[in-house]
Amino acid sequence: MLGEIHGQGSLTSRLIIIHKTTSKISIDADLNEDAWQTAALADSFINKWPTDSGKAKLQTEVKMLYDEQFIYFGIKAYMSDMQPVIQSLKRDVNPYYSDGVSVVIDAADKNTSGYTFGVNAAGAQMEGIVEVNNDSFDWDTKWYSATKIFKGYWTAELAIPFKSLRFSQNQKQWGINFIRNDMTNNCFSTWNEVPIQFFGANLNCLGKLFFADDMPQVKSNNAFIPYVSARFDQDAKTFSSSLNAGLDAKIAVTSSLNLDATINPDFSQVDVDRQVINLDRFDVLLPERRTFFLENSDLFSNMGIPNVATPFVSRQIGLTQDGRVVPIIAGLRLTGNINPALRIGIMNIATANKYDQNAQNYFVAAFDHKIFKRSNIRGMITDRQGIKSDEKNNANNFNRVAGAEFNFLSDNTKFNGRAGYYYSFNPGHPTAAGFGLANVGYTNKNINVTAGWSQIDSNFIADMGFTPRLYNYDALHDTTVRIGYNAYNTGFDYSFYPKSKNTINLIDFSIKTNHYYTTANKFIEFNGTTGLDVLFANRREAGISWTQNSVNLPFETIIFSETGSLPKAKYDFGFLQLKYLSNFLRAFSWGLTLEHGGYYNGNRTSYIGSIKYRAQPWGNFGVDFIYNDITLNDKNIYPYIVSPTIEFAFSNNFFWTTFLQYNTEIKNFNINSRIQWRFKPASDIFLVYSDNYLTDGLIHTNRSLVFKISYWIN
């Protein structure tokens, strides 16, 4: 074993060389094994936020080792006299807003997809999938950690199984970075330099990790997660019960290509959807929370334009538009790297017949091929096909979409561009079924400029996707009409970072515009927003903006049934928004957004806010609310949602969360209470209670109680 090796190179291209150990490492956060004394060391952390120059005030040291099973990280994080900020003991809760340390790993070293693992000072784990400039913490895998707090510093020890990562065994160089959250000083630092305008886990800002000795030979990279559950339901005065069982499996096809399989999956433990009051005339898309669809989800979800036109969103599988569950019979997903530059994803899901929806088979295939230094070509095919064999004209029950796009990012990351085209194939082969997009952009530390165009033809039907603006409701004839359109958007942001951070960290000025015209060049809509945001040094935030709208309604339209139909006409209106957020790092915090102004032929005042209290580290209590005072057609309504949350974290492995929603728009009061015990890594016991009432008179409609056990076998 060589002596201690520090990370070398410039602040933007650091390199660390690590060696294999034959010593046993106990994951106890003591870091007292002999192997740690001569391990490679990453230190000299540099500021990331609120300034990106100079050494961090509180330094962090990360030592690294590996053996045939694990890559190990031994962390020493220096503290001030203040106690660390701990948002929760629960995993994946605000991972960047507690005092903590995380590692970002790009095992393919291609800056396209990676992993992040981290802990806060009280031991709460977080892990996630990292894309180029964002991440998701819904992914879950098996790994080990421990933390301890001492006078003047705290330590952490992480052991990440090579089984939990997807990498080529010939790949001896990985991309890597470390992020330190110092919430007592309200700042972030990193090992490899990350410019202030970028997200801390940005894959284009990684240093290099080199394995000096033989790479581990991972013999078994397979995992099986069976579950059993018992369910008790009451609908009105009818009681029923059922037993259920299923299996998830993760099978290594190669060291960097993984096959996921699911049989009769159960998502009863997944967080319930957060309800919204939709003030627009188009549908909204709620986030995916089901674990099977989350790993490597960027391969499928990054196509098209989010919330505008996307060829694939996983929520179209196994859920109705109002969120009811359609049983999934089975599914397969193959994802990973064919070679360091080429990632693929292939998924096939079969669903049952329920709620008058015929049984369906859903197929999607995607690829992401890196070209040049930071650019890529992506492509996708989707296919929804009816599978009920006795259905008349079943051969015509299908929808398919195919397309590709080129994404450009310059070597210095300042210039970007994008161009793509997709086409929809449907029974009868209608024409005008394409979707095209193009945009360009420039960004640096202070300026971000974008300009884009997209065209969605009237017959671009994507049953597995999301194209909300294409569908227009005609209230007079009670029907929905597809109207193809062109969209032109521009954006300008100027960020000013004062040299002195005593009062203000950031001032951001922004202008955004969107123009919409039919494919026949007839005006549909314009909306534009001008705003100013101020982030104070004490983590308070304030903002002001004005939004102007001009809408040419093509049909009589109903937004709220209580106010009747809006006549077919052109409407010009605007509203002012004022926003204030207190310092969320304090035990008590609150935020309020006020919107006031015109709303079609009437006006609207909306209050959107939250009140939160943290009993560190075991409890979080809060209330979110949305209250609207709306006048349309000279009729006044007051739709609102009140959503209290009560969360107890008894340890890093035992949690109880209760979430309530009182929604007057859909006249529903919902209670969801969930107890989770992680009795072994990635193995859980859940007890979930759900209850629903009508808001008028609190009349009970249905309730359920689910007991579920899942066990990770690896």
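The figures follow:
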{"item": "Scaled radius of gyration (Cα, divided by 2.2 N^0.38 Å) that region 48-126 gives", "result": "1.23"}
{"item": "Compactness relative to 2.2 N^0.38 Å, alpha carbon Rg of region 636-714", "result": "1.40"}
{"item": "Fraction of alpha-carbon pairs over 16 Å apart in region 406-447 - percent", "result": "54 percent"}
{"item": "Charge dipole of the chain about the Cα centre (unit charges at C-beta), most positive-ward option of 38, 707, 186", "result": "38"}
{"item": "Under the Karplus curve 6.51 cos²θ - 1.76 cosθ + 1.60, θ = phi - 60°, whole-Hz ³J(HN,Hα) for region 512-520, x wherever Gly or Pro sits", "result": "9, 9, 9, 10, 10, 9, 5, 5, 8"}
{"item": "Greater than 19 Å apart at Cα, pairs in 142/680; 90/612; 63/148; 522/568; 76/208", "result": "76/208"}
{"item": "Distant alpha-carbon pairs in region 564-623 (separation over 14 angstrom), percent", "result": "66 percent"}
{"item": "Directionally averaged shadow of region 234-377, computed from the convex hull of its alpha-carbon atoms, nm²", "result": "11.6 nm²"}
{"item": "Rg followed by Dmax, in Å, when region 131-281 is reduced to its Cα trace", "result": "21.9, 68"}
{"item": "Volume per residue that the Cα convex hull of region 85-178 spans, once the total is divided by residue count, Å³", "result": "101 Å³"}
{"item": "Scaled radius of gyration (Cα, divided by 2.2 N^0.38 Å) that region 13-170 gives", "result": "1.02"}
{"item": "Rough spin-label spacing in nm, given labels placed 7 Å along Cα→Cβ, for residue 232 and residue 408", "result": "6.3 nm"}
{"item": "Value in Å of the Kirkwood radius, where region 127-175 supplies the Cα pairs that are averaged", "result": "13.6 Å"}
{"item": "Pair residue 385, residue 222: separation of 7 Å Cα→Cβ label points (nm)", "result": "2.8 nm"}
{"item": "R0 of 22 Å, Cβ-Cβ distance residue 613-residue 272: FRET efficiency to nearest 0.05", "result": "0.50"}
{"item": "Per-pair calculated FRET efficiency, R0 = 35 Å: residue 544 and residue 444 via Cβ, rounded to 0.05", "result": "0.90"}
{"item": "FRET E, pair residue 43, residue 372, Förster distance 30 Å, beta-carbon r, rounded to 0.05", "result": "0.35"}
{"item": "Stretch gain in nm, segment residue 481-residue 596, where the contour uses 0.36 nm per residue and the Cα spacing is subtracted", "result": "38.3 nm"}
{"item": "Convex hull per residue volume in Å³, alpha carbons only, for region 384-478", "result": "155 Å³"}
{"item": "Area projected by the alpha carbon convex hull of region 206-249, averaged over all directions, nm²", "result": "7.1 nm²"}
{"item": "Difference of contour (0.36 nm per residue) and Cα-Cα distance, residue 513 to residue 683", "result": "56.4 nm"}
{"item": "Tail weight of P(r) past 47 Å, computed on alpha-carbon pairs of the chain, percent", "result": "18 percent"}
{"item": "Point-to-point label distance, residue 398-residue 13, nm (Cα→Cβ direction, 7 Å offset)", "result": "5.0 nm"}
{"item": "Shape of region 317-435, Cα gyration tensor, a/c cut at 1.5", "result": "prolate"}
{"item": "Bins of 5 Å from zero: percent of alpha-carbon pairs in region 481-552", "result": "4, 15, 19, 15, 12, 10, 9, 7, 5, 3, 1, 0"}
{"item": "Phi to ³J(HN,Hα) by Karplus 6.51 cos²θ - 1.76 cosθ + 1.60 over region 607-621, Hz, x for Gly, Pro", "result": "10, 10, x, 8, 10, 9, 9, 10, 9, 5, x, 8, x, 10, 9"}
{"item": "With eigenvalues of the C-alpha gyration tensor scaled by 5 and rooted, region 457-580, Å", "result": "37, 17, 14"}
{"item": "Gain on full stretching of the segment that runs from residue 326 to residue 55 - 0.36 nm per residue minus C-alpha separation", "result": "92.2 nm"}
{"item": "Three-way shape call for region 198-317 based on the alpha-carbon gyration tensor, with the a/c threshold at 1.5", "result": "oblate"}
{"item": "Compactness of region 499-651 - radius of gyration and Dmax, Cα, Å", "result": "19.9, 61"}
{"item": "For residue 574, distant residues with modelled amide H under 5 Å away", "result": "549, 598"}
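Laboratory data are not the source of any read-out in this text; all were calculated from the coordinates shown. A quick note: this is a predicted structure, and the numbers were derived from the prediction, not measured. All Cβ positions, even for glycine, are placed from backbone atoms using ideal geometry, and neighbour counts span all protein chains on display.
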